[in-house]
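Here is the structure we will look at.
The values are calculated or read from the model by the stated rules, or taken from the named source; none is laboratory data. These numbers come from a predicted model, not from an experiment. Please note: Cβ atoms are built from the backbone with ideal geometry, for glycine as well, and neighbour counts cover all protein chains shown. Protein only, heavy atoms only, side chains kept; ligands, DNA and RNA dropped before computing areas. Shrake-Rupley method; radii C 1.70, N 1.55, O 1.52, S 1.80 Å.
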Amino acid sequence: MKSSTAVLAVALCTACSGIVTLIVAGLTLPPTVIAFWRVAIAAATLAVLLPLSGRRRLLRYPGRVILVPGVLLAVQWGLSFAALQHTSIISAVLMTSTAPVMIAVLAPLLLRERPGPLSLTALPLAVAATALIVTRGEQGGELRPVGLALGAGSALAYALLVIYLKRYTDDVDPTTLVFYETFVAALVLSPTYLLARPVVTQSELARLALLGVVLTACLGIAYQSAMRRVTALEVGVLSYVEPGATALLAVTLRGEPLTPEIVVGGAVIFFAGGLVTLGNLRGGELGSP
């Protein structure tokens, strides 16, 4: 039986990504440097707090299975943060929200989850909405292919990450997973930081600390714990909460305009996600676990 609590937890964690997006959009540091600080602070936080709380055992190395998620996480966040610097917040987030479509395509190949008729109907709708956003979504009709391509690359990395986690890491404790995931990602991103050596102000450091401690270490553990109890397809569909939350925050806090194309495209993407969710809840979308 599916856990409504787990579904709600995943949705809430995903909604908090809107806060992450606004924090990152307000930073002038290189995107890979922001990603490095995020994962490095998260890993350092867990490395300190777990022994102090008597949970040192959670720092035990679980094996090579944990290396791939760290690499994918570094790629996902590096590309996602870069997209925010090359296009508007709303367009970047909507492009990364194509991840559920990619999960729906990859899940039948790599997992035992099978998309049914509603998911197959949702795919062309989401693709068409994405095309509308890509070609007409920016203010004034301006096309920024670099930013949109970076967002799509981030979506692919996220889709691969979700599928890998569902297939190979269900027996790894969520806290252990978050620690090694962020630790490996920090190692992968460290050369970009050492090459850039940017000057970080106190204000930026405070925002990076919030990003790493609360929105990565703490929120990451909650997300990984809840994700164990839902399917990969549902995780992907629930990620549609992020563009809605981010768009609302961007409009209310940053004054970004909503073009008609973004409104229509975003609505179609949400509708496509709803179709997938409906199919899953009806029990006809998935194969045997």
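One table, with the values for the structure above:
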| item | result |
| --- | --- |
| Any hit, the range 32-42, residues being open to solvent by less than 30 Å² (accessible area, probe 1.4 Å), touching a residue at least 40 places away in the same chain (Cβ under 8 Å) and not in a helix (DSSP H, G or I) | no |
| For residue 198: the one exception among (1) in a helix (DSSP H, G or I); (2) surrounded by fewer than 19 Cβ atoms within 10 Å (Cβ to Cβ) | (1) |
| Single match in 50, 94, 46 (criterion: open to solvent by less than 40 Å² (accessible area, probe 1.4 Å), more than 28 Å from residue 153 (Cβ to Cβ) and in a helix (DSSP H, G or I)) | 50 |
| Residue under evaluation residue 28, criteria (1) surrounded by 21 or more Cβ atoms within 10 Å (Cβ to Cβ); (2) of a type outside the set (Phe, Trp, Tyr); (3) not in a helix (DSSP H, G or I), criterion not met | (1) |
| Residue check, residue 14 under 15 Å from residue 220 (Cβ atoms), among the polar types (S, T, N, Q) and open to solvent by less than 60 Å² (accessible area, probe 1.4 Å) | yes |
| Selection from the range 162-172 of residues that are in contact with a Leu (Cβ under 8 Å, 6 or more places away or on another chain) and either of a type in the set (Phe, Trp, Tyr) or crowded, with 21+ Cβ neighbours inside 10 Å (or both) | 163, 164, 165, 166, 169 |
| Hits in the range 53-64 - residues which are in a helix (DSSP H, G or I) and out of contact with any Ser or Thr (no Cβ under 8 Å at 6 or more places or on another chain) | 56, 57, 64 |
| Number of the exception - residue 19 against (1) under 23 Å from residue 163 (Cβ atoms); (2) of a type in the set (Val, Ile, Thr); (3) open to solvent by 30 Å² or more (accessible area, probe 1.4 Å) | (1) |
